[in-house]
Amino acid sequence: DAPTARSGHTAIWTGQELFVWGGDIGQGNPSASGGAYQPLTDQWRVLSPVDAPSARSAHSAVWTGSEMIIWGGATTGGYLNTGGRFDTISQNWSALPASGAPAGRQRHVAAWPGSRMILWGGLNGSGLLSDGALFDPTASQWTNLTATNSPEARTAATAVWTGSRFIVWGGQGTSASLNTGAQLVLSSDVPQSGWQTLATTGAPSARSAHSAVWTGSKMIVWGGRNGGTYIGDGASYDPATDSWTALPTANAPSVRANHSAVWTGSEMVVVGGEDSTGVLATGAAYDPTANQWRSLTNPGSPVARSGATSVWSGTEVLVFGGQANGQPVASLQKLNPQPAWYLYRKP
């Protein structure tokens, strides 16, 4: 009952299950299927296709605490501004309203601040976008985001939710990759003012297809590419001081883009991706407290892939999908990032 091989899909963690939905199943064919994986039983179940959103890839998905919300993406017919809500209790889909929805797009960023879904940026037939919206599932209503000091239009950016701020950074601009970003302060999921530009002093170099995680106090950016140049460095951003601090390069992963990264509560774990030679199966973990990297071991034969989705279950990194050599990959794999323990008996 596992989903078929795919890339450009979404994945969310509900607290008990991994939900995978949509994506490209090969040769530009989008899917409208998905599945839920339960780590405790090591079993998949198929998500109901009844009233599910239409087939798409490069869309967004958020977890509300009771529902998975899917929106946007692209299909063979163009860009979509439609979506759906999957209720994990009733196991039913319901459509998002089209009235007031932003223009269709793909490769945008999205987050769940607490009571509304926020989305911004991306790409459609008109080009790169610098607008966004909030969706309130209780009122089933869309609200446009403020455009005041909005970041430069971009796609393939990263975004994190800090608990009070929606931070967007990097991505591909109109003519080049970007090393700029901005944050939107929200209270009760309502923007308090316009966008605030992030400091650029000490910021990582321009890039897209990178990763970003939120540690609870800082945003960590790592990897990516600028044009055909793959990158193997990064930095952490402190919104309290609006300042950047470079990450160490000793024992860091090799240069890569389109990799996965998750925050475990104590480390950022980087897995897979691609470089100029092809897809990668290696990874590493960064501990911001110790300010050091450690390599991940290879027992279990990790699958080389790029564009996979990863979530943190509380004990394991769950990795699904992606592509290798231009072909979609399935292969759910689980990684326990616990460093090796050595037991000894005192004489």
Exercise for review: Work out, step by step, the length gained on full extension between Thr146 and Gln43: first 0.36 nm times the residue separation, then minus their alpha carbon distance; give nm to one decimal.
Suggested key: 32.8 nm
**Study point:** Relative contact order (%) - the stretch 186-290, alpha-carbon pairs under 8 angstrom, separation at least six
**Key:** 20 percent
Revision key, fill the gap. In the list (1) 48, 22, 18; (2) 29, 25, 20; (3) 67, 26, 16, the entry giving semi-axes √(5λ) of the Cα gyration tensor in Å computed from the coordinates is (2)
Check your understanding: Along the stretch 165-178, what does the Karplus equation 6.51 cos²θ - 1.76 cosθ + 1.60 (θ = phi - 60°) give for ³J(HN,Hα), rounded to whole Hz, x for Gly and Pro?
Key -> 9, 9, 10, 10, 8, x, x, 9, x, 4, 10, 6, 5, 10
Exercise for review: With a Förster radius of 41 Å, plug the Cβ-Cβ distance of Val185 and Leu343 into 1/(1 + (r/R0)^6) and report the FRET value to the nearest 0.05.
Suggested key: 0.25
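Quote the relative contact order of the stretch 17-101 in percent (integer), defining contacts as alpha-carbon pairs under 8 Å separated by 6+ residues.
22 percent
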**Study point:** Surface accessible to a 1.4 Å probe, per residue, for the residues of the stretch 173-232, Å²
**Key:** 38 Å²
Review point. Stretched out fully, how many nm does the piece from Ser164 to Thr229 gain, at 0.36 nm a residue minus the Cα gap?
Key: 20.0 nm
Check your understanding: Given labels modelled 7 Å from the Cα in the Cβ direction, how far is it in nm from Gln16 to Arg294?
Key -> 3.3 nm
Check your understanding: Simple spin-label model, 7 Å along Cα-to-Cβ: Thr277 to Ser66 in nm?
Key -> 5.1 nm
Point to revise | Accessible-area composition of the stretch 69-159, carbon plus sulfur, in percent [1.4 Å probe] | key: 45 percent
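Expected output is a single nm value to one decimal: the length gained when fully extending between Thr4 and Asp136, i.e. 0.36 nm times separation in residues minus the C-alpha distance. What is it?
Using 0.36 nm per residue and subtracting the Cα-Cα distance, I get 44.4 nm.
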Review point. For labels at Asn92 and Ser243 in the simple 7 Å Cα→Cβ model, what's the distance in nm?
Key: 5.4 nm
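The values are calculated or read from the model by the stated rules, or taken from the named source; none is laboratory data. Values in this document were obtained by computation on a predicted structure and should not be read as measured data. No Cβ is skipped: glycine too gets one built from the backbone with ideal geometry, and neighbour counts run over all protein chains shown. We work out accessible area using only protein heavy atoms, side chains counted, and drop any ligands, DNA or RNA first. Shrake-Rupley method; radii C 1.70, N 1.55, O 1.52, S 1.80 Å.
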